[in-house]
Amino acid sequence: MTGGRPVLHLVVCAAPPAPQVNELIRHVHGDGWAVCLVPTPIAATWLDVHALEGLTGHPVRSRPRRPDEPRLPPADAVAVVPATFNTINKCAAGINDNAALGVINEAIGLGLRVVIAPYVKPTLAAHPAFARALRDLTAYGFTVLPTNAIGPPDGTTSFAWRPVLDSLPAPRPARGISVPEDPS
């Protein structure tokens, strides 16, 4: 149940910002979005899944759903925060070997806004495949933030979520929800 709020599918990869993703979810909720969390399999082991299900009101999906499980509400946008070297390269290559990649890859076919916040150590960011993958994702229409833009400002331990929030589309009613026109 989203209460008519637009739905953000938040893909979380296994990188240092992942354990603090609850902060991002609170900010996204404050901006008017409902959130469905889809961590990569490794990221799921870093998270308090039960607490995040309570925060979002939706199941956390780190694996493909079984046929007897309900679907998540359809996404109005997707954010990949933090996005790792592995996930960025797999997505650019069209690899679809986990639920998180499935969400990202399906967003292409649905024409959804996708925001990617790369969080990659310098040695991996220097790999030529990484730059190529970022170019490909940009060509697919993704909004790709500068690498490590969400890194903590100097002297802090909190991550900088503002670049992600500023890159999301303005919240509109969820897909499939009609809103009556204002009679005035």
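No value in this document is a laboratory result; all are computed from the given coordinates. In this text, all values refer to a predicted model and were calculated from it rather than measured experimentally. Every residue, glycine among them, receives a Cβ derived from its backbone with ideal geometry; neighbour counts consider all protein chains shown.
Ignoring everything except DSSP H segments at least 4 long, calculate the 222 nm mean residue ellipticity for the chain; use -39,500 (n - 2.57) per segment, divide by total residues, nearest 500.
The helix-only estimate for the chain comes to -10000 deg cm²/dmol at 222 nm.
For helix 21-30, report the angle its Cα long axis makes with the longest principal axis of the Cα atoms of the chain; keep it between 0 and 90° and round to the nearest 10°.
Tilt of helix 21-30: around 40 degrees.
For the chain, what is the relative contact order in percent, using Cα pairs closer than 8 Å and at least 6 residues apart in sequence?
Dividing the mean separation by the residue count of the chain yields 25 percent.
Suppose every K and R has +1 on its Cβ and every D and E has -1 on its Cβ; what is the size of the dipole of the chain about the Cα centre, in Debye to the nearest 20?
Taking the Cα centre of the chain as origin, the dipole is about 380 debye.
Place the peptides 74-84, 127-137 in order of packing, highest mean first, counting for every residue the other Cβ atoms within 10 Å and averaging per peptide.
74-84, 127-137
Under the 0.36 nm per residue contour assumption, what length would be gained going from the current alpha-carbon distance of THR123 and ASP97 to full extension?
That pair, THR123 and ASP97, stretches by 6.9 nm at full extension.
Going by average Cβ neighbours within 10 Å, how do the peptides 96-102, 164-170 rank, with the highest at the top?
The packing order, highest mean first, is 96-102, 164-170.
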